[in-house]
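Only one structure is covered here, and it is reproduced in the block below.
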Amino acid sequence: MKRKDSPKNPPGDTILSIAGLAVRSGAGHGRAIVEGISIDVRAGETVCVVGESGSGKSITSLAAMRLLPVGLAITQGHILLDGEDLRLASERRMRALRAAKIAMVFQEPMTALNPIMRVGAQVDEVLALHTSLGKTERRRKVLAMLERVGLPDVERVNASYPHQLSGGQRQRIVIAMALMLRPRLLIADEPTTALDVTTQKQVLSLVADMQREQGTAVLFVTHDFGVVSEIADEIVVMNRGTLVESGPRREVLERPRADYTRLLIGSVPEMTPRLRSSPSKPVVLEVSGLTKTFEDRRFLRAARIVNAARDVSFNVRRGEITGIIGESGSGKSTVARCIMGLTEATSGDVSIGDEPLSGLRRNAQLPRAVQYIFQDPYRSLNPRRTVGESIIEGLMNDGAARADAMRKAVDVLALVGLSENVLGRYPHQFSGGQRQRICIARAVIMKPQLLVADEAVSALDVSVQAQVLRLFESIRDTLGLGILFITHDLRVAAQICNSVVVMRHGEIVESGDAVDVLGAPTHEYTRCLIDAAPTLEIGDWVGAP
C-alpha cells in the first residue's frame with residue numbers, strides 16, 4: 001500500500017496536549033507505569049505512538065480517555081483537550097466528552113461490542129445518549145454511517161449480532177460508533193493488528209477520509225512500522241513507560257537517534273521472498289480435492305449453502321514451510337481444521353506421511369502426526385497449570401512416564417530458547433513471545449511430522465515476531481519436519497515460506513514457490529494482496545539495528 005502524501009488538510013490548532021504525564025500503580029503510590037510523556041496532536045494530524053507490549057503506549061491512550069484500569073492513577077502532568085484539563089473533569093463531564101469530543105477505537109472489536117445486542121442498536125446508543133434525536137432520525141443516521149464506513153447490505157448488518165460479522169466488519173462497527181458524533185479527537189489503539197491486508201487498507205483509508213472531511217486529530221497506537229510509514233505525520237516512540245524519541249515521520253524513519261527505534265525498524269519483515277521449495281524432499285502432508293460445505297440454517301428461512309473450501313489440493317514437504325495466505329473468509333482456517341481432524345471434510349483426501357487422516361484418527365495416532373499452534377498465546381495455555389504441566393500433557397496422555405516426560409520438556413525448552421527453571425512457573429508470568437515459545441515447545445515435544453501454525457505471530461510485536469520467525473526456521477532445519485504456516489501477512493510469508501498457496505472464497509487462485517508467487521504473481525488477486533500490504537519505504541536507509 002503506497003502512502004499518498006497530501007490531499008490531507010494542513011495541521012491546525014492543537015486538539016490534544018499531554019505534558020509530563022505519569023501513571024503509577026497502587027492508586028498512585030506504587031511503581032511507575034509511564035513517566036514524563038508529552039504528546040501534542042493537532043487538528044487534521046496523525047500522531048503514531050509506537051512501541052512493544054509493555055511500553056506504556058496503551059496506558060497513555062487510556063489515560064487520555066480517563067479509562068485507566070482499577071489500581072492505576074495519574075500522578076503528574078496534564079491532559080488538555082481543546083484547552084480543558086481532563087484531569088480536573090468530573091466523571092459526569094467525562095461521560096459527556098466521550099464520543100462527543102473524544103472517541104476511542106479498541107484493538108479487539110469482539111471485546112468492545114456487546115455480544116447480546118444487535119450492532120445497529122449499539123451504534124444507535126451513542127446517539128440516544130448524546131442527542132435529542134427521535135428514533136426514526138437516529139435510525140437514518142445509523143444506516144448512513146454504516147454505509148459510510150463501507151459495510152455491505154447495511155439493513156442486514158444493522159440487524160446482526162457481533163458474532164455474525166467478520167473481524168473487519170466488526171472493526172468498522174466500532175469505528176462507526178467512534179465517529180458517529182464527529183469527535184475532535186480519535187484515539188485508535190492497534191485497530192488493524194488482527195486484520196488482513198485488504199481490510200486493513202480499507203480501515204486506514206476510512207480513518208484518513210474522515211480526517212480530511214472533519215479535520216479530526218488522530219492518536220494512532222501501533223507496533224507496526226509498516227503502517228506508521230504510511231499514515232503518520234509525527235511519530236512518538238515509547239519503551240518501558242518512557243518516551244525514547246519523537247519527531248516528523250521521515251526524520252524518525254530515516255535518521256532514528258535511538259538504538260531502540262533502529263531495532264524496531266530493523267525488525268519489520270521485507271516483502272522480498274528469499275526461499276524456494278525442494279521437489280526432492282519427501283511429502284509430509286498431501287491434500288487432494290478437499291471440499292468443505294456448510295449449511296447456514298436460519299429460522300423460517302431456506303438453508304443457505306456455504307462453500308468454505310472447494311477442491312483444495314497442495315503438498316507440504318519435510319523440512320519446508322508452506323504458507324496459506326488470503327483474506328478473512330478465504331478458507332485458510334477451515335482447511336487447517338480439516339487437516340487437524342477438528343472438522344470433517346465434505347469430500348477429498350488428507351494424508352500425513354504415508355497414512356490417511358482417517359487411519360490416524362482411528363488408531364489414535366493423530367496427535368503424534370500433527371500438532372497445532374494457535375494465534376493467541378495468551379488463551380492457548382491453561383492459566384491454572386504450570387508451564388511444565390502444559391508441555392508434558394500430550395506425552396502423559398500418550399502413556400509416557402512423568403519423569404521421562406519432564407526430561408523431554410527440558411530438552412524442547414532448550415530448543416525454543418528457554419531454560420528449565422520456567423517449568424514451575426505459570427503462563428501469566430511470561431511475555432507474549434515467551435508464551436508462544438512455550439506453545440511451540442508443547443507442540444514439538446510430541447515429535448510430529450507436521451506443525452500447523454495458524455496466525456502464530458500476528459498478535460506479537462515486530463521485534464518479538466522476528467524472534468519467533470527465526471525460531472520456526474530453526475525448528476524446521478533442526479527437526480526436519482514440515483510446517484503449514486497460515487497468515488494474512490504477506491511480509492511474514494515472504495520471509496520464511498518455501499512455497500505459498502493463495503486462497504480466495506474457499507478456492508486456490510495461485511500456488512508455487514514463494515519466490516515466484518510473491519515475486520512475480522500471475523493472478524490479479526495476489527497482486528491486490530501485495531499492493532495492499534503495508535511496506536516500510538524509507539529511501540536508501542537500511543535501518544539495521
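Computed from the coordinates by the stated procedures, all read-outs in this text should not be read as laboratory data. Owing to the predicted nature of the structure, the values given are computational and were not obtained by experimental measurement. Note that each Cβ is placed from the backbone with ideal geometry, even for glycine, and that neighbours are counted across all protein chains shown.
Remark on Gln76: its backbone amide H falls under 5 Å from those of Ala22, a criterion applied only to residues 5 or more positions apart or on other chains, H modelled at 1.01 Å from N. At each listed q (0.11, 0.13, 0.20 Å⁻¹), what is the log10 of I(q)/I(0) that the Debye formula gives for region 38-118 modelled as equal alpha-carbon point scatterers? Values returned for q = 0.11, 0.13, 0.20 Å⁻¹ are -0.35, -0.49, -1.16. Each residue in Thr334, Thr535 was given a count of other beta-carbon atoms within 10 angstrom of its own, and listing them fewest first yields Thr535, Thr334. For a label point 7 angstrom out from the Cα of Ala89 toward its Cβ, which stretches of region 119-161 have the backbone nitrogen within less than 15 Å? Answer for region 119-161: 130.
The share of Cα pairs per 10 Å bin across region 108-163, counted from zero up to the longest distance, runs 24, 55, 21, 0 percent.
Using the 2.2 N^0.38 Å rule of thumb for compact globular proteins, work out how the chain stacks up: its C-alpha Rg over that value, please.
Scaled against compact globular proteins, the figure is 1.01.
For region 1-138, the alpha carbon positions stretch 50, 41, 31 Å along the principal axes, listed from largest to smallest. Couplings 3J(HN,Hα) of region 386-400, computed from phi: 5, 4, x, 5, 5, 5, 8, 4, x, 5, 5, 5, 8, x, 6 Hz, in residue order, whole Hz [Karplus 6.51 cos²θ - 1.76 cosθ + 1.60, θ = phi - 60°; x for Gly and Pro].
Each residue of region 97-103 was assigned a 3J(HN,Hα) from its phi angle through the Karplus curve 6.51 cos²θ - 1.76 cosθ + 1.60 (θ = phi - 60°); the sequence is 6, 5, 6, 7, 10, 9, 9 Hz, with glycine and proline shown as x.
A full extension of the chain between Arg118 and Asp411 corresponds to an added length of 100.5 nm, given 0.36 nm per residue minus the alpha carbon distance. If one computes the Cα centroid of region 354-405 and of region 453-491, what distance in Å separates the two points? Cα centroid to Cα centroid, the span is 19 Å. Once you divide the Cα radius of gyration of region 403-496 by 2.2 N^0.38 Å, the number left is 1.07. Using only alpha-carbon positions in region 225-278, the gyration tensor eigenvalues give semi-axes of 26, 13, 9 Å once each is multiplied by 5 and square-rooted (largest first). Near Leu481, the amide H atoms lying under 5 Å from its own belong to Gly319; only residues 5 or more places off or on other chains count, and H is placed 1.01 Å from N.
In a simple Cβ point-charge model (Lys, Arg +1; Asp, Glu -1; nothing else charged), the chain has a dipole of about 1400 debye relative to its Cα centre. The Kirkwood radius of region 65-224, taken over pairs of alpha-carbon atoms, gives through the Stokes-Einstein law at 10 °C and 1.306 mPa s a diffusion coefficient of 96 µm² s⁻¹. Amide H contacts of Ala309 (H built 1.01 Å from N, in plane; Pro and chain starts excluded): Lys292 sit under 5 Å, all sequence-distant by 5 or more or on other chains.
In this entry, region 351-439 is assigned a mean projected area of 6.5 nm², taken as a quarter of its C-alpha convex hull surface. Against the main long axis of the alpha-carbon atoms of the chain, helix 462-479 sits at an angle near 0°.
Ranking Ile79, Ile116, Leu62 by Cα position along the charge dipole of region 1-139, where only Lys, Arg, Asp and Glu carry charges on their C-beta atoms, puts Ile116 farthest toward the positive end. Evaluating 6.51 cos²θ - 1.76 cosθ + 1.60 at θ = phi - 60° for every residue in region 157-162, the Karplus couplings come out as 4, 4, 8, 8, 8, x Hz, glycine and proline recorded as x. For region 218-376, list log₁₀ I(q)/I(0) at each q in 0.09, 0.11, 0.12 Å⁻¹, using the Debye formula over Cα point scatterers of equal strength and ignoring solvent, two decimals each. Values returned for q = 0.09, 0.11, 0.12 Å⁻¹ are -0.55, -0.72, -0.78.
Relative to the longest principal axis of the Cα atoms of the chain, the long axis of helix 135-148 lies at roughly 60 degrees. Listing Lys57, Lys292, Lys447 from fewest to most neighbouring C-beta atoms within 10 Å gives Lys447, Lys292, Lys57. Length gained on full extension, Thr242 to Arg139, computed as 0.36 nm times the residue gap minus the Cα-Cα distance: 32.6 nm. Projecting label points 7 angstrom from Cα along Cα→Cβ for Gln365 and Asp349 puts them 1.7 nm apart.
What value, in deg cm²/dmol to 500, does the helix sum -39500 (n - 2.57) over DSSP H runs of n ≥ 4 give at 222 nm once divided by the residues of the chain?
The helix-only estimate for the chain comes to -10500 deg cm²/dmol at 222 nm.
Based only on other Cβ atoms within 10 Å, what is the fewest-to-most ordering of Thr526, Thr136, Thr14?
Fewest to most other Cβ atoms nearby, the residues stand as Thr136, Thr14, Thr526.
Longest segment of the chain with no GluC sites (Glu not before Pro) in a DSSP loop having at most 14 other Cβ atoms within 10 Å? That gives 1-269 as the longest site-free run. Relative to the longest principal Cα axis of the chain, at what angle does helix 197-214 sit, 0 to 90 degrees, rounded to 10? Orientation of helix 197-214: about 0 degrees from the principal axis. Each 5 Å bin, from zero up to the one with the longest distance, holds this percent of the alpha carbon pairs of region 186-236: 5, 19, 35, 28, 12, 2.
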